[in-house]
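Comments concern the structure below.
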Amino acid sequence: MFGMVTPASAHDVLISTDPAKDAALDTGPAKITLTFDAPVQGGDINQIAVTGPNGTQWAEGSVQIDSNVISAPVRPLGPAGVYTVGYRILSADGHPVEGQYAFTLTKAGTGTPATASAATGTAQSSGSGGVPIWVWIAGAVVLLAIGLTLALRMGREKP
């Protein structure tokens, strides 16, 4: 019975971004917003990085999580060019999901890049972060114990 059960592989999927993938912008965004198809779990693993044309970092501050939406503030951008948004999140099934996309700043801004300490921050959840993986493991253990108990009781021969 348990040999036929396969684990679900339903990692969160990125469904929209703001700014949009491959967008051409005259001014930089105040924040990056990523929307997934399922709630993102809270935790320090959740990160958003914005890397500029010269390899400098532009995201700073804490990552905010609101169910399936994750966002991070961005400093006013500097040089014109391609900016890459990289992300790493803890999906609803407990597995990390990462990826990246790019947008282009068409007109140079006056901003300066973030310092190394400002570019890192901890995730703060403002909503439900999904069900922690330990709940699923505990449920599986309980179901296994019930099934084993029933199998042993039904397998006994009556005298």
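What follows draws every value from the coordinates through simple rules; no lab data is involved. Owing to the predicted nature of the structure, the values given are computational and were not obtained by experimental measurement. Every residue, glycine as well, gets a Cβ built from its backbone with ideal geometry; the counts of neighbours run over all protein chains shown.
Based only on other Cβ atoms within 10 Å, what is the fewest-to-most ordering of ILE32, ILE137?
Placing the least packed residue first, the sequence is ILE137, ILE32.
Using label points projected 7 Å from each Cα along Cα→Cβ, tell me how many nm separate VAL13 and SER67, to one decimal.
Inter-label distance under the simple model: 1.9 nm.
What does the net charge come to around ALA38 if you take all other residues with beta carbon closer than 9 Å to its beta carbon, with K and R at +1 and D and E at -1?
Within the 9 Å Cβ shell, the charges total -3.
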